[in-house]
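Peer 1: One structure coming up, written as structure tokens, with questions to follow.
The values are calculated or read from the model by the stated rules, or taken from the named source; none is laboratory data. Treat the numbers as computed from the prediction; the structure is a model and nothing was measured. With ideal geometry, Cβ positions are generated from the backbone for all residues, glycine too; neighbour counts draw on all protein chains shown.
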Amino acid sequence: MSLVSVQNISKSYWRDSQEIRVLTNISFDIAEGDFLGLMGPSGSGKTTLLNLIAGIDKPTKGSITVSSTDISKLNESELAKWRARHIGFVFQFYNLMPVLTAFENVELPLLLSKLSKKERREHVEFALQIVGLGDRVHHYPKQLSGGQEQRVAIARAIVTDPTVLVADEPTGDLDKVSAEEILKLLERLNTEFKKTIIMVTHDPRAAERAHKIRHLDKGELS
Amino acid sequence: MKIPLTYTLKSLWTRKLTTTLTIGGISMVVFVFAAVLMLAYGVEKTLIETGSDENVIVIRKAAQAELQSQIDRDAANIIKTLPELAATPDGKPFAANELFVLINIFKKGSGDMGNVTVRGITSESMLLRPQIKILEGKMFTAGTSEIIVGSSIAKRFQGCTIGERLKFGGNYWTIVGVFDGNGTGFDSEIWGDVEQMLPAFGRPVFSSLTFRLKNQSDFDALKTKIESDRRLNYLEIQHEKEYYAEQSRLMAIFIRVIGTVVSIIFSFGATIGAMITMYAAVANRTVEIGTLRSLGFRRRNILAAFLIESVLIASLGAAIGLFTASFLQLFVISTVNFGTFSELAFGFTLSLAVIKYTAIFALGIGFIGGFLPAVRAARLNIVNALRAS
Ligand SMILES: Nc1ncnc2c1ncn2[C@@H]1O[C@H](COP(=O)(O)OP(=O)(O)O)[C@@H](O)[C@H]1O
Ligand SMILES: [Mg+2]
């Protein structure tokens, strides 16, 4: 059975009572342990689709099931709880809290769990080690390079051991070398730690790392 | 509260300038508010401490204070012989019939005239008020035109030092001593022999009679007794403490009302300042809010974080404002007490109640100023907030 099942979803935004159709009747499945690349030109709806799967936006039509939970039926606060448990986010611009250290940033999602302070510290240190930043624990984002910031963000995304890792153009703001390192890291998370990953990108070299590639164009999947 | 306090504190620290300015604005308003409460409390404390728990004062029923009161010698003598009264060590009634008049003296510095209380006393007056100490010089000699002045009078009025003579009531009076009333209203009075003062002012009657009871529990019975005695029923007895508390009421209420109105007007400014600061904080951190929400933090966590941030700013403002205001305790103010029409010296006085009301006032500013911005932060749409980058 598939881990993520997207069924006939459509998404529209309204601007001044005018409908903007972003996604039209999209269906696909993602199996556990998959590494899916989502490609397409700018404005084709990639981020929108990712946001729907990650439960921060709601489809206009259709349903999305993640490990047998229909998330389109959850209310706002159930969704928040569900995200904390099942989703790890990686953003193009890292989205770290600038006032918090690497450690504190990675610890954030664990503050929503029932873990003790000691357990949290162990989890955070382990996650930072996996991404290769065991020696940058108390650095602030502005004391890190872009690649390092993105690795902190990845540590924050995996520290709760989420069901799905969603990455929206994770290399979009990085130089070639750093981008390569981030892609290697994602690949390793997929092979070594069996993380299911959905990665949006419009960089063909990034997409090569994915096992499967789907293309979005004008809101339709091919 | 799930969002860590470190995040709030460090965020405040990041915008040092705005945070400092906002805290500064709130602290100034808090300062004014605290100063007013301290002043009102200072008046109350000075007058309440003037009265003693053990003493009972008799004035004319229709009079609000000693100034308008008259007790004739016969009535005073009848009360003095009542069995309920305590006796002094040398066997006399523990009671003092006193005269209370206002005179005008030039103030130092401004050169304005001020109303000063002159109190004609008896030797029992000093026994009734053991807190009075002669600071300099000596006690006046009974039967002479010697007088002693309260420490605050010596400090604030012209010609009120030892050796000088004051002219009032058609006589010259020689100052032979300065007394300390331990921060009470007596510090703002001039004392001399009542039997010298009555004829000088051409007054046939006393103003008040203050005495001590053998048993405090006799008060109610004595009150009834006096009220039902045809010779005495124009008089009223009161605990001295309550009498002086009453003298402070008008003044304290006046200060509080004026002060609160002014503070409330200022507080609009401070609240709007806090609101602008917090709206800016929300706008600058839109992406952070979106990110926190995407990680699973709830709307109410965001609401709490921003409210706490605002209340924290206000608390710091309160702390600074109160700390600064506490130095006002070093100053003494002398002004006319509306209750008695006489000059009264009193200080800004800090109390737990003052701290409590000031804290509530400041937290109110923080809470009201932070509420709408916090609601906006909590209501942000996650996707739009994340797109703000
Ligand atoms: N909140 C929104 N309101 C209105 N239009 C939106 C909103 N979010 C996205 N869109 C529109 O939807 C389309 C797809 O956006 P997006 O999913 O960000 O594309 P991509 O990530 O592929 O570049 C764009 O035309 C964008 O302008
Ligand atoms: Mg996008």
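Peer 1: In region B:6-63, which residue that is acidic (Asp, Glu) and part of a helix (DSSP H, G or I) is farthest from B:LEU250 (Cα to Cα)? Spell out how you get there, then give the answer.
Peer 2: Narrowing region B:6-63 to residues acidic (Asp, Glu): B:44, B:49, B:53-54.
Subset that is part of a helix (DSSP H, G or I): B:44, B:49.
On the way: B:GLU44: 10, B:GLU49: 17 Å.
Only one residue tops the list, namely B:GLU49.
Peer 1: Do we find that B:GLY25 is more than 30 Å from B:VAL118 (Cβ to Cβ), away from chain A (no Cβ under 14 Å) and within 28 Å of the chain's Cα centre (by Cα) in this structure?
Peer 2: Details: more than 30 Å from B:VAL118 (Cβ to Cβ): yes; away from chain A (no Cβ under 14 Å): yes; within 28 Å of the chain's Cα centre (by Cα): yes.
It is true that B:GLY25 is more than 30 Å from B:VAL118 (Cβ to Cβ), away from chain A (no Cβ under 14 Å) and within 28 Å of the chain's Cα centre (by Cα).
Peer 1: Still on this structure: So which residues in region B:295-304 are of a type in the set (Gly, Ala, Ser) and either more than 14 Å from every other protein chain (Cβ to nearest Cβ) or in contact with a Leu (Cβ under 8 Å, 6 or more places away or on another chain) (or both), if there are any at all? Let's see the steps before the verdict.
Peer 2: At the first step, the residues of region B:295-304 found to be of a type in the set (Gly, Ala, Ser) are B:296, B:304.
Residue satisfying the conditions is B:GLY296 alone.
Peer 1: For region A:77-125, enumerate the residues that are touching a Gly at 6+ places or on another chain (Cβ under 7 Å) and not charged (D, E, K, R).
Peer 2: A:LEU79, A:ALA80, A:TRP82, A:ALA84, A:ILE87, A:GLN92, A:PRO109, A:LEU112
Peer 1: Residue under question is B:SER315, and the condition is that it be outside the structural domain of B:THR184 (by TED's automatic domain parsing), more than 16 Å from ligand 1 (Cβ to nearest atom), within 29 Å of the chain's Cα centre (by Cα) and closer than 30 Å to B:ARG119 by Cβ; does it hold? Before you say what the answer is, go through the steps one by one.
Peer 2: Details: outside the structural domain of B:THR184 (by TED's automatic domain parsing): yes; more than 16 Å from ligand 1 (Cβ to nearest atom): yes; within 29 Å of the chain's Cα centre (by Cα): yes; closer than 30 Å to B:ARG119 by Cβ: no.
Considered against the rule, which asks whether it is outside the structural domain of B:THR184 (by TED's automatic domain parsing), more than 16 Å from ligand 1 (Cβ to nearest atom), within 29 Å of the chain's Cα centre (by Cα) and closer than 30 Å to B:ARG119 by Cβ, B:SER315 comes out as no.
Peer 1: Pick out the one residue from A:SER116, A:SER178 that is more than 16 Å from ligand 2 (Cβ to nearest atom), within 25 Å of B:TYR7 (Cα to Cα) and of a type in the set (S, T, N, Q).
Peer 2: Just one listed residue meets the conditions, A:SER116.
Peer 1: If a residue must be buried (at least 23 other Cβ atoms within 10 Å of the Cβ) and of a type in the set (Gly, Ala, Ser), how many such residues does region B:52-68 contain?
Peer 2: 0
Peer 1: Hey, A:LEU36 hits all of (1) within 15 Å of A:ALA167 (Cα to Cα); (2) out of contact with any Phe, Trp or Tyr (no Cβ under 9 Å at 6 or more places or on another chain) but one; which does it fall short on?
Peer 2: Here A:LEU36 clears every test but (2).
Peer 1: Could you look through region B:283-294, keep only residues that are in contact with a helix residue (DSSP H, G or I) (Cβ under 8 Å, 6 or more places away or on another chain) and surrounded by fewer than 22 Cβ atoms within 10 Å (Cβ to Cβ), and pick out the one that is farthest from the other protein chains (Cβ to nearest Cβ)?
Peer 2: Of all residues in region B:283-294, those in contact with a helix residue (DSSP H, G or I) (Cβ under 8 Å, 6 or more places away or on another chain) come to B:285-287, B:289-294.
Filter again for surrounded by fewer than 22 Cβ atoms within 10 Å (Cβ to Cβ), leaving B:286-287.
Details: B:THR286: 11, B:VAL287: 6 Å.
Filtering region B:283-294 for residues that are in contact with a helix residue (DSSP H, G or I) (Cβ under 8 Å, 6 or more places away or on another chain) and surrounded by fewer than 22 Cβ atoms within 10 Å (Cβ to Cβ), the one farthest from the other protein chains (Cβ to nearest Cβ) comes out as B:THR286.
Peer 1: Residues that are within 30 Å of B:ASP112 (Cβ to Cβ): which strands (runs of 3 or more DSSP E) entirely in region B:139-227 hold 3 or more of them?
Peer 2: Numbers: elements: B:146-150, B:165-168, B:171-180, B:189-193, B:208-212.
Once the strands (runs of 3 or more DSSP E) in region B:139-227 are filtered for at least 3 residues that are within 30 Å of B:ASP112 (Cβ to Cβ), what remains is B:146-150, B:165-168, B:171-180, B:189-193.
Peer 1: Give me the residue from region A:3-56 that is among the aliphatic types (A, V, I, L, M) and away from ligand 2 (no atom under 16 Å from the Cβ) and, out of that set, farthest from A:ILE87 (Cα to Cα).
Peer 2: Filtering region A:3-56 down to residues among the aliphatic types (A, V, I, L, M) leaves A:3-4, A:6, A:9, A:20, A:22-23, A:26, A:30-31, A:36, A:38-39, A:49-50, A:52-54, A:56.
With the extra rule that they be away from ligand 2 (no atom under 16 Å from the Cβ), the set shrinks to A:3-4, A:6, A:9, A:30-31.
Numbers: A:LEU3: 13, A:VAL4: 12, A:VAL6: 16, A:ILE9: 20, A:ILE30: 14, A:ALA31: 15 Å.
Among residues in region A:3-56 that are among the aliphatic types (A, V, I, L, M) and away from ligand 2 (no atom under 16 Å from the Cβ), the one farthest from A:ILE87 (Cα to Cα) is A:ILE9.
Peer 1: Step by step: first the residues of region B:348-369, then only those that are β-branched (Val, Ile, Thr) and in contact with a helix residue (DSSP H, G or I) (Cβ under 6 Å, 6 or more places away or on another chain), then the one that is nearest to B:MET38 (Cα to Cα). Which residue is that? Outline the logic, then answer.
Peer 2: Taking region B:348-369 first, the residues β-branched (Val, Ile, Thr) are B:349, B:354-355, B:358, B:360, B:365, B:368.
Okay, now just the ones that are also in contact with a helix residue (DSSP H, G or I) (Cβ under 6 Å, 6 or more places away or on another chain), so B:349, B:354, B:358, B:365, B:368.
On the way: B:THR349: 5, B:VAL354: 7, B:THR358: 10, B:ILE365: 20, B:ILE368: 25 Å.
Out of the qualifying residues, it is B:THR349.
Peer 1: Moving on. Is it the case, given these coordinates, that A:ARG209 is out of contact with any strand residue (DSSP E or B) (no Cβ under 6 Å at 6 or more places or on another chain), more than 16 Å from ligand 1 (Cβ to nearest atom) and over 17 Å from A:MET39 (Cβ atoms)?
Peer 2: Details: out of contact with any strand residue (DSSP E or B) (no Cβ under 6 Å at 6 or more places or on another chain): yes; more than 16 Å from ligand 1 (Cβ to nearest atom): yes; over 17 Å from A:MET39 (Cβ atoms): no.
In short, no.
Peer 1: Another one. Give, as residue ranges, the strands (runs of 3 or more DSSP E) completely inside region A:1-120 that count at least 1 residues that are within 16 Å of ligand 1 (Cβ to nearest atom), within 25 Å of B:ALA388 (Cβ to Cβ) and within 14 Å of another protein chain (Cβ to nearest Cβ). Don't jump to the end; show me each part of the working.
Peer 2: Working: elements: A:4-15, A:18-30, A:35-39, A:61-66, A:87-90.
Counting at least 1 such residues, we get A:4-15, A:18-30, A:87-90.
Peer 1: If you don't mind, another one. Collect the residues in region B:343-389 that are surrounded by fewer than 18 Cβ atoms within 10 Å (Cβ to Cβ) and within 14 Å of another protein chain (Cβ to nearest Cβ), keeping them in residue-number order.
Peer 2: Residues satisfying the conditions are B:ARG379, B:ASN381, B:ASN384, B:ARG387, B:ALA388, B:SER389.
Peer 1: Hey, can you tell me all the residues within region A:182-206 that are assigned to a loop (DSSP other than H, G, I, E, B) and either in contact (Cβ under 8 Å) with a residue 12 or more places away in the chain or within 15 Å of ligand 1 (Cβ to nearest atom) (or both)? Before you say what the answer is, go through the steps one by one.
Peer 2: Of the residues in region A:182-206, the ones assigned to a loop (DSSP other than H, G, I, E, B) are A:192-195, A:201-203.
Selection gives A:PHE193, A:LYS194, A:LYS195, A:THR201, A:HIS202, A:ASP203.
Peer 1: Which of the residues belonging to region A:148-173 are away from ligand 2 (no atom under 16 Å from the Cβ) and outside any helix (DSSP H, G or I)?
Peer 2: A:VAL159, A:THR160, A:ASP161, A:PRO162, A:THR163, A:VAL164, A:LEU165
Peer 1: Of everything in region B:265-300, what is among the charged types (D, E, K, R) and not in a helix (DSSP H, G or I)? Give them in sequence order. Working first, answer last.
Peer 2: Of all residues in region B:265-300, those among the charged types (D, E, K, R) come to B:285, B:288, B:293, B:298-300.
B:ARG285, B:ARG298 - these are the residues of region B:265-300 that are among the charged types (D, E, K, R) and not in a helix (DSSP H, G or I).
Peer 1: Something else now. Only one residue in A:VAL131, A:VAL177 is among the aliphatic types (A, V, I, L, M) and under 17 Å from the mean Cα position of the chain (by Cα). Which one?
Peer 2: A:VAL131
Peer 1: In region B:156-192, which residues are among the charged types (D, E, K, R) and in contact with a helix residue (DSSP H, G or I) (Cβ under 9 Å, 6 or more places away or on another chain)? Lay out the reasoning, then the answer.
Peer 2: To start, the set of residues in region B:156-192 that are among the charged types (D, E, K, R) comprises B:156, B:164-165, B:167, B:180, B:187, B:189.
Passing the criteria: B:ARG156, B:ASP180, B:ASP187, B:GLU189.
Peer 1: Output the number of the condition that B:GLY321 fails; it satisfies all remaining conditions of (1) closer than 20 Å to A:PRO98 by Cα; (2) crowded, with 24+ Cβ neighbours inside 10 Å; (3) in contact (Cβ under 8 Å) with a residue 60 or more places away in the chain.
Peer 2: (1)
Peer 1: Within region B:87-99, does at least one residue satisfy the condition of being of a type in the set (Lys, Arg) and in a strand (DSSP E or B)?
Peer 2: Here is the first cut: in region B:87-99, the ones of a type in the set (Lys, Arg) are B:92.
Next, from what is left, pick out any that are in a strand (DSSP E or B): none.
The answer is no; no qualifying residue exists.
Peer 1: Out of all the residues in region A:139-180, which are more than 16 Å from ligand 1 (Cβ to nearest atom), over 19 Å from A:ASN105 (Cβ atoms) and touching a residue at least 12 places away in the same chain (Cβ under 8 Å)?
Peer 2: Initial filter on region A:139-180 (more than 16 Å from ligand 1 (Cβ to nearest atom)): A:139-165, A:174-180.
Filter once more, keeping what is over 19 Å from A:ASN105 (Cβ atoms): A:163-164, A:175-177, A:179-180.
Passing the criteria: A:THR163, A:VAL164, A:ASP175, A:VAL177, A:ALA179.
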